[in-house]
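Student: One structure is given below, represented as structure tokens, and several questions about it will come after.
The values are calculated or read from the model by the stated rules, or taken from the named source; none is laboratory data. Quick caveat: nothing in here was measured; it's all calculated off a predicted structure. Note that we place each Cβ from the backbone using ideal geometry, even for glycine, and neighbour counts take in every protein chain shown.
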Amino acid sequence: MTINYCSLLRPLDLRCRERHHPVPPLSLPTLASHGYLPHDGKSITVDQALAVVMDKFNIAEDLAAVMGGLSPDLFDMNNLSKHNDKVEHDASLARIDSYFGADPYVITPGLINDVLNYGLDGSVDVTDVATIRAARVAWGKEHNPKFDFSATPAFIAGAESALFLRGFGGDNGNSTATTFVATFFLQEMFPEGWTKPDTSITYDDAITTISYLDAVDV
């Protein structure tokens, strides 16, 4: 599939924007929408966020500890939007690189639609995500003179993708229903029919999916 990423920049028009956290490992805006975190996204403690994420997405303690290391003790959701600091990075699944003037706090709906286009068969799997990521990296290298996908942002991107698949998928596996992707990202709600994984998502689970992503021949 060939994607014209230039055309996907168009939803950055202010009339099309919605306020979101930059693509998190698991959807903090969804948790705020349901009242599990403050609705305004402000004054969230890392312990508060981790407790909710562990409960609602069945994240294991070892993985939660790693996630906690990426956040300050007290934060507002938009504090996590600083480029290449903590979780924000280039080649995101859901927002254009900040170099192009996009607010890192805002998703790019066109890029989410790109992800959904890979899930026309009903699911988005590890091969789809690896293919999308490779295309985003290639596009960034060509068009973004300040593109940075060095070891740290690349690892964070891989970890986000792993948690996206395992957490949003609801079964701690390597795929997720396309409808779940649309609802989590575009509506910031828990999808109808979605349940959290029966087994805890561990650090080793995340690393396993990262290795699968890296092994896909794209």
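Student: Name the pairs whose Cβ atoms lie under 6 Å apart, with the first residue in region 35-48 and in contact (Cβ under 8 Å) with a residue 24 or more places away in the chain and in a helix (DSSP H, G or I), the second loosely packed, with under 14 Cβ neighbours inside 10 Å and of a type in the set (D, E), and 6 or more positions between them or separate chains?
Tutor: From residues that are in contact (Cβ under 8 Å) with a residue 24 or more places away in the chain and in a helix (DSSP H, G or I), the pairs are V46/D73.
Student: Let me ask another. Out of S81, S7, which single residue is at pLDDT below 60, closer than 27 Å to T202 by Cα and among the hydroxyl-bearing types (S, T, Y)? Give the steps one after another, and end with the answer.
Tutor: On the way: S7 fails: closer than 27 Å to T202 by Cα.
The unique qualifying residue is S81.
Student: Residues in region 143-157: is at least one surrounded by 22 or more Cβ atoms within 10 Å (Cβ to Cβ), touching a Gly at 6+ places or on another chain (Cβ under 9 Å) and part of a helix (DSSP H, G or I)?
Tutor: no
Student: For region 158-168, give me the residue count where each residue is crowded, with 24+ Cβ neighbours inside 10 Å and aromatic (F, W, Y).
Tutor: So the count comes out to 1.
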